[in-house]
Amino acid sequence: MELIFIGYPGSGKGTQASYLAEKYGIPQISTGDILRKAVAEQTPLGIEAKKAIDTGELVPDNVVIGMIEERLKEKDAQAGFILDGFPRTIKQAQEFDRILYKIGRYIGAVLSLEVSKRRILKRLTSRRVCSDCNHVYNLIYDPPPDSGVCVSCKKAVTFFQRKDDSESTVKHRMDVYEELTRPLKEYYDGQGKLCEVDGSLNIDKVREKIIAITSPLGKRL
Ligand code: AMP
């Protein structure tokens, strides 16, 4: 099963992609996570990408396309994958279609999580992340434990705010989404693959809707 998630940053792509990855036993591939790891490890890619990430700009298309092409060659991606945060521009989508054609793969569905700007701003500015395993919390509906022990990695950690989750950078990231990423909806609608899902519902409801869309795809495997 090959799936793509699109939607504003903070629309729930990561949460839902991670759930589906576990359910279907295929990897969640997040270009944002790959880039943040590269930044933390100060690799040449990380050094190049850091400024764009911190300011909410996009990393150049050729960089992320190369990253995805390499990642899809790995063994765990052969049975399928769930992309979270890629593609993000029309150029990335077109190049990705060429790569998929070359390797004989096919996107089953593009899930677009629909959430209002106002809600995104609230969600992202209250997001906190585990300093060890990057598990995501939210001060409003899923606060980090007072004990300081992460529920996911079980270590004593700090819970920090990503630099790009500050209010001004979130607003900028939404503008970047409007300009460069939203046109993907039309692109994939033209391919008959776009499925819009109301991402403002609670996590379980969104999950149910996504399973209803993706389960029939799994049966075709
Ligand atoms: P995310 O965690 O998906 O919101 O990504 C965090 C940041 O990584 C973005 O604001 C971009 O700077 C960069 N990034 C992630 N995915 C892409 C992509 N497909 N194309 C360009 N930049 C990306």
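What follows is calculated from the coordinates using simple rules that are stated; it is not laboratory data. Note that the coordinates shown come from a computational prediction; the quantities given were computed from them, not determined experimentally. Every residue, glycine among them, receives a Cβ derived from its backbone with ideal geometry; neighbour counts consider all protein chains shown.
Ignoring lysines fewer than eight residues from Lys91 along the same chain, the ones with Cα atoms less than 16 angstrom from its Cα are Lys185. For Phe81, the residues whose modelled amide H falls within less than 5 Å of its own, excluding neighbours fewer than 5 places apart on the same chain, are Glu2, Leu3. By the Cβ rule of 4.7 Å, the chain holds the following cysteines without a possible disulfide partner: Cys195. Taking every C-alpha pair closer than 8 Å and separated by at least 6 residues, the mean separation divided by the residue count of the stretch 68-221 gives a relative contact order of 29 percent.
Our note on the geometry: Cα centres of the stretch 13-66 and the stretch 126-155, 20 Å apart. Listed by chain and number, the lysines whose C-alpha is less than 23 Å from the C-alpha of Lys154, apart from same-chain residues fewer than 8 away, are Lys23, Lys37. Here the chain carries DSSP beta bridges of which approximately 30% are antiparallel, counting only pairs with both residues inside.
Backbone amide hydrogens, once placed in the peptide plane, bring Val115 within less than 5 Å of Tyr8, Gly199, excluding anything fewer than 5 places away on its chain. Compactness of the chain is given as radius of gyration and Dmax, 16.9, 50 Å, from Cα positions.
Dimensions of the stretch 21-93 along the principal axes, based on C-alpha atoms and rounded to the nearest Å, stand at 35, 29, 20, largest first. Only helices enter this figure: runs of n ≥ 4 DSSP H residues, each worth -39500 (n - 2.57), summed and divided by the residues of the chain, yield -14500 deg cm²/dmol at 222 nm to the nearest 500. Once backbone amide H atoms are built at 1.01 Å from N, Asn138 has Arg128 as its partners under 5 Å, excluding neighbours fewer than 5 places away on the same chain.
In terms of surrounding Cβ atoms within a 10 Å radius of their Cβ, Ser166, Ser112, Ser215 rank from fewest to most as Ser215, Ser166, Ser112.
Counting only aspartates and glutamates at least 8 places from Lys171 when in the same chain, those with an alpha carbon closer than 12 Å to its own are Glu57.
Going from the fewest other Cβ atoms within 10 Å to the most, the residues Lys155, Lys75 appear in the order Lys75, Lys155. Cα centroid separation, the stretch 93-122 to the stretch 202-216: 17 Å. Going by the alpha-carbon gyration tensor, a ≥ b ≥ c the square roots of its eigenvalues, is the stretch 51-109 rounded (a/c under 1.5) or, if a/c is not under 1.5, prolate (a/b greater than b/c) versus oblate? Taking the square roots of the gyration eigenvalues as a ≥ b ≥ c, the stretch 51-109 is prolate.
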